[in-house]
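Visitor: Got a structure here, written out as structure tokens. Questions coming.
The values are calculated or read from the model by the stated rules, or taken from the named source; none is laboratory data. Since the model is a prediction, treat every value here as computed from it, not as a measurement. When we count neighbours, we look across all protein chains shown, and the Cβ atoms used for this are built from the backbone with ideal geometry, even at glycine. Only protein heavy atoms, including side chains, enter the accessible area calculation; ligands, DNA and RNA are left aside. Shrake-Rupley method; radii C 1.70, N 1.55, O 1.52, S 1.80 Å.
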Amino acid sequence: MSTNQKIVIAVDGFSSCGKSTFAKTIAAKLGYIFIDTGAMYRAVTLYAIEHGAIRSGMIDQKAVVALLDEIEISFRFNPQRGASDIYVNGELVEDKIRTIEVSNMVSPVSAIAEVRRKLVAMQQAMGRDRGVVMDGRDIGTVVFPNAELKIFMTADPKVRAQRRYDELTAKGDHVTMEEIERNIRERDTADMNRAISPLRQAADAVVLDNSHMTVGEQMQWLDRELAKRL
Ligand code: DC
């Protein structure tokens, strides 16, 4: 790999580990495109809630699948955030997909085979020209098994819950720490145990536990990993 050759960087790992923040920072540093694949599963979940395929916490899988053809997901760069915002059928949904209601339903929606088929195909198309940093659960194992750098992120569950709590309360959401801890625990279990593309550390992934690391320290870690490969 030469220094100017564009590569694919896969960032997988548990919920609320700071994958998106890290992936976004890497993309800005390298001039790459950052793709938050969790946002895509959240967007489908939001659409299913808003169109009656999920009611009172119950998912009608057939109804979700029937909606898939009418869901058009796109990303547009937002210079203020330094990352792309997600749109569904032209509507900006970046904030609406981050609520606890969506978080509580996204894991079962992401376990539906047809949902994964559609979103994985989109993700592979977005990374076709390389030069992408993609974060998710199955990027290094399924979406880009040939990614040149695979990072598997983890962090102490308490630290993760605190980060998610701070993020949501800063936006004015009324959530309790208990609710967040339960959501993270349940999503990790569901994501690791689903039949299709479960959350797994790829055999050739490097592990990053960022429980006690600043973003700056994570970037120094990244530089060392890139240097080993260039
Ligand atoms: O990264 P996140 O927490 O926003 O992801 C939301 C959910 O989407 C997560 O609980 C599992 C699912 N997901 C997935 O199954 N595969 C991906 N590549 C990304 C997310």
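Visitor: Can you pull out the residues in segment 23-46 that are open to solvent by 20 Å² or more (accessible area, probe 1.4 Å), within 16 Å of the ligand (Cβ to nearest atom) and among the basic types (Lys, Arg)?
Guide: LYS24
Visitor: Among all residue pairs at least 6 apart or on different chains, which show Cβ distances below 9 Å where the first residue, located in segment 135-162, is among the polar types (S, T, N, Q) and the second is in a strand (DSSP E or B) and at pLDDT 95 or above?
Guide: Pairs found: THR141/ALA10; THR141/ASP12; THR141/LYS150; ASN146/VAL8; THR154/GLY13; THR154/VAL207; THR154/LEU208; THR154/ASP209.
Visitor: Test LEU149 against the criterion of being open to solvent by less than 60 Å² (accessible area, probe 1.4 Å), modelled with pLDDT under 95 and out of contact with any Phe, Trp or Tyr (no Cβ under 9 Å at 6 or more places or on another chain), and give yes or no. Reasoning before the result, please.
Guide: On the way: open to solvent by less than 60 Å² (accessible area, probe 1.4 Å): yes; modelled with pLDDT under 95: no; out of contact with any Phe, Trp or Tyr (no Cβ under 9 Å at 6 or more places or on another chain): yes.
Considered against the rule, which asks whether it is open to solvent by less than 60 Å² (accessible area, probe 1.4 Å), modelled with pLDDT under 95 and out of contact with any Phe, Trp or Tyr (no Cβ under 9 Å at 6 or more places or on another chain), LEU149 comes out as no.
Visitor: Please work out which residue is farthest from the ligand (Cβ to nearest atom), limiting yourself to segment 184-204 and to residues that are open to solvent by 20 Å² or more (accessible area, probe 1.4 Å) and among the charged types (D, E, K, R).
Guide: Restricting to residues being open to solvent by 20 Å² or more (accessible area, probe 1.4 Å) and among the charged types (D, E, K, R), the top hit is ASP204.
Visitor: Sticking with this one: When you scan segment 89-98, how many residues do you find that are near the ligand (Cβ under 10 Å from one of its atoms) and open to solvent by 40 Å² or more (accessible area, probe 1.4 Å)?
Guide: Counting residues in segment 89-98 that are near the ligand (Cβ under 10 Å from one of its atoms) and open to solvent by 40 Å² or more (accessible area, probe 1.4 Å) gives 1.
Visitor: Let me ask another. Pick from segment 82-124 the residues that are without any contact (Cβ under 8 Å) to a residue 24 or more places away in the chain and among the charged types (D, E, K, R): which of them is nearest to GLN61 (Cα to Cα)?
Guide: Step by step, filter segment 82-124, then rank; the result is ARG117.
Visitor: On to the next question. Filter segment 147-191 down to residues that are outside any helix (DSSP H, G or I) and either of a type in the set (Lys, Arg) or within 24 Å of LEU208 (Cβ to Cβ) (or both), then give me how many there are.
Guide: 11
Visitor: Let me ask you something else. Just to check your reading of the model, which residue among GLU167, GLU114, GLU101 is surrounded by fewer than 17 Cβ atoms within 10 Å (Cβ to Cβ), touching a Lys or Arg at 6+ places or on another chain (Cβ under 9 Å) and of a type in the set (Asp, Glu)?
Guide: After ruling out the rest, the residue left standing is GLU167.
Visitor: Report whether or not GLU114 is in a helix (DSSP H, G or I), more than 10 Å from the ligand (Cβ to nearest atom) and modelled with pLDDT under 95. If you could, list the steps in order and put the result at the bottom.
Guide: Numbers: in a helix (DSSP H, G or I): yes; more than 10 Å from the ligand (Cβ to nearest atom): yes; modelled with pLDDT under 95: no.
For GLU114, the condition - in a helix (DSSP H, G or I), more than 10 Å from the ligand (Cβ to nearest atom) and modelled with pLDDT under 95 - is not met.
Visitor: Output yes when any residue across segment 127-136 is among the basic types (Lys, Arg) and open to solvent by 30 Å² or more (accessible area, probe 1.4 Å), and no when none is. Don't jump to the end; show me each part of the working.
Guide: Within segment 127-136, the first condition is being among the basic types (Lys, Arg), and the residues that meet it are 128, 130.
Those left that are additionally open to solvent by 30 Å² or more (accessible area, probe 1.4 Å): 128, 130.
Within segment 127-136, one or more residues are among the basic types (Lys, Arg) and open to solvent by 30 Å² or more (accessible area, probe 1.4 Å).
Visitor: Hey, another quick one. Quick test of your reading of the structure: ASP12 fulfils all but one of (1) open to solvent by 40 Å² or more (accessible area, probe 1.4 Å); (2) at negative phi. Name the failing condition by number.
Guide: Exception for ASP12: condition (1).
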